[in-house]
Amino acid sequence: MKKRITVLGSTGSIGTQALQVAQRLGCRITVLTAHSDVKTIESQIRQFNPALAVLYDEQAAQDLKTRVRDLPVKVLSGLEGMCEAAAADTDLVLNSIVGFAGLKPTMAAIQAGHDIALANKETLVAGGSVVMREVARCGVRLLPIDSEHSAIFQCLQGAPPARAVKRLILTASGGPFFGKNSVELENVTPEDALRHPNWSMGAKITIDSATMMNKGLELIEARWLFDVDPENIDIIIHRESVIHSLVEYDDNSMIAQLGVPDMQIPMQYAITWPARVQSNAKSLDLAKIKNLSFYQPDCETFICIDACRRAIERGGLAPAAVNAANEVAVELFLNRKIGFLDIGRLVCKALDYRLPDEADSLEQILQTDKAVREQTIAAAREIMR
Ligand code: NDP
Ligand code: MG
């Protein structure tokens with residue numbers, strides 16, 4: 001297989017692993033992008049020889065240009081450069097940018113007619129209906145990389161044409177603060193929150209896992225990817241991260257996908273689908289694991305879950321609003337400006353902001369994101385006082 005792959009967000013946790021997987025599968029890397037990590041992208045350019053590389057940051061892109069002037073790679077910058085990268089000729093665009101910044105490049109890739117392997121869940125959370133409408137209009141495929149969504153996608157392979165899906169069940173590890181209450185969480189630090197028990201990931205998603213906002217975002221992501229009503233999507237805590245999610249069919253039969261917690265499996269499946277080929281992930285040793293445990297999530301302590309559920313049930317721009325508030329709040333928490341529990345408070349507050357009812361254009365989503373960021377910063381100032 002000699003697929004050509006564009007990797008957006010190539011310097012991150014998913015991006016660097018995706019490059020290894022793609023290389024092992026014999027793919028050709030045609031385009032690389034990142035925000036400002038010049039050193040990492042330079043070494044990736046030297047290793048993979050792409051035709052185009054983009055750094056969002058202008059200064060960093062200038063620096064990169066100088067560093068790679070001995071190579072035939074074109075270097076661009078800014079949002080325009082990111083969108084040009086997403087639209088450039090290729091067979092698959094793997095989007096592993098973190099956050100709302102991934103939305104416009106995703107749209108550019110769809111409009112260029114490219115299939116997309118999507119790790120950047122915020123694209124679907126903020127842009128859901130608009131993104132899915134473009135996917136349908138342009139006739140492209142959206143292949144999930146998020147492990148839960150890859151699991152559901154795998155469980156749906158071979159489903160009857162009418163699908164007969166009763167509900168989706170997303171599993172959640174529970175993160176580092178499973179079992180803790182609000183009093184115990186009031187003073188936890190970024191270092192505590194960055195210690196995830198089962199997965200090694202970028203900082204933003206690790207904090208999202210600690211607040212369980214990640215599962216709320218995934219609920220919204222699942223609603224759009226699989227066209228299932230949010231009321232038919234459940235969340236269950238599963239500490240071992242062995243079952244990556246399940247589908248319950250109308251006959252009450254449940255199909256689950258299991259595997260070691262290793263992102264190589266979902267990444268590879270998004271690249272090779274519908275084929276399955278050998279991977280570097282370890283085989284699951286069930287006898288060694290012995291027991292699998294399950295618990296109801298504690299939605300009273302981890303209030304972000306219900307905030308996301310309310311947002312997607314309300315629809316329109318509410319999911320874009322909770323996403324924007326969360327991105328601002330996570331950054332403030334990582335910079336020690338607000339406490340851990342303030343993240344959830346600011347996310348819930350975003351549901352009170354006045355928003356237009358319908359999310360029917362990209363422009364409206366961008367405006368909402370901007371307005372909610374400003375309001376969240378203002379609300380955070382009150383807390384910081
Ligand atoms: P990282 O923070 O490790 O990497 C983010 C990547 O995006 C980097 O390449 C970064 O560049 C780039 N980037 C950041 N901001 C911008 C911007 N404004 N414009 C353009 N590029 C930008 O994140 P992860 O790899 O952990 O996560 C990526 C996405 O995948 C997230 O949406 C996350 O929720 C999702 N995901 C991640 C999983 C994981 O295991 N890590 C699992 C499932 C989903 P630079 O390095 O230069 O800053
Ligand atoms: Mg996930």
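The values are calculated or read from the model by the stated rules, or taken from the named source; none is laboratory data. Source: prediction; values computed, not measured. So basically every Cβ, Gly included, is an ideal-geometry build from the backbone, and we count neighbours across all protein chains shown. Ligands, DNA and RNA are stripped out before the accessible areas are found, and what is left, the full protein with its side chains, is counted by its heavy atoms. Shrake-Rupley method; radii C 1.70, N 1.55, O 1.52, S 1.80 Å.
Pairs only if they're at least six apart or on different chains, beta carbon under 6 angstrom, first in segment 89-105 and open to solvent by 20 Å² or more (accessible area, probe 1.4 Å), second more than 16 Å from ligand 2 (Cβ to nearest atom) and basic (Lys, Arg); list them, first residue then second. Note: pairs meeting the criteria are Asp91/Lys3; Asp91/Arg4. Among the residues making up segment 23-74, a single one is part of a strand (DSSP E or B), within 16 Å of ligand 1 (Cβ to nearest atom) and polar (S, T, N, Q): Thr33. Taking Ala159, is it touching a residue at least 40 places away in the same chain (Cβ under 8 Å), under 20 Å from Tyr269 (Cα atoms) and either not assigned by TED's automatic domain parsing to the domain that holds Ala270 or not in a helix (DSSP H, G or I) (or both)? Answer is yes for this residue. Total residues in segment 21-34 satisfying the condition of being in contact (Cβ under 8 Å) with a residue 60 or more places away in the chain and open to solvent by 10 Å² or more (accessible area, probe 1.4 Å): the figure is 4.
Which of the residues that make up segment 103-130 are within 11 Å of ligand 1 (Cβ to nearest atom) and among the acidic types (Asp, Glu)? Listed by number, the list holds a single entry, Glu122. Screening Ile303 against (1) out of contact with any Cys (no Cβ under 7 Å at 6 or more places or on another chain); (2) in contact (Cβ under 8 Å) with a residue 24 or more places away in the chain leaves a single unmet condition, (1). Scanning segment 218-234 for residues that are buried (at least 22 other Cβ atoms within 10 Å of the Cβ) and either outside the structural domain of Asn291 (by TED's automatic domain parsing) or within 14 Å of Ala307 (Cα to Cα) (or both) turns up Glu218, Leu219, Ile220.
Going by the conditions given, is Arg46 in contact with a Ser or Thr (Cβ under 9 Å, 6 or more places away or on another chain) and open to solvent by 10 Å² or more (accessible area, probe 1.4 Å)? Here the answer is no, as Arg46 does not meet what is asked.
For Arg137, the conditions (1) open to solvent by less than 30 Å² (accessible area, probe 1.4 Å); (2) in a helix (DSSP H, G or I) are fulfilled apart from (1). With respect to Lys121, determine if the residue is modelled with pLDDT of 95 or more, open to solvent by 60 Å² or more (accessible area, probe 1.4 Å) and under 21 Å from the mean Cα position of the chain (by Cα). Considered against the rule, which asks whether it is modelled with pLDDT of 95 or more, open to solvent by 60 Å² or more (accessible area, probe 1.4 Å) and under 21 Å from the mean Cα position of the chain (by Cα), Lys121 comes out as no.
So that you can scan it fast, the table gives a plain yes or no per residue for (1) surrounded by fewer than 17 Cβ atoms within 10 Å (Cβ to Cβ); (2) within 14 Å of ligand 1 (Cβ to nearest atom); (3) under 19 Å from Leu118 (Cα atoms):
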site: Thr211; (1), (2), (3): no, yes, no
site: Gly216; (1), (2), (3): no, yes, yes
site: Arg239; (1), (2), (3): no, no, no
site: Glu248; (1), (2), (3): no, no, no
site: Met267; (1), (2), (3): no, yes, yes
site: Phe294; (1), (2), (3): yes, no, no
site: Pro297; (1), (2), (3): no, no, no
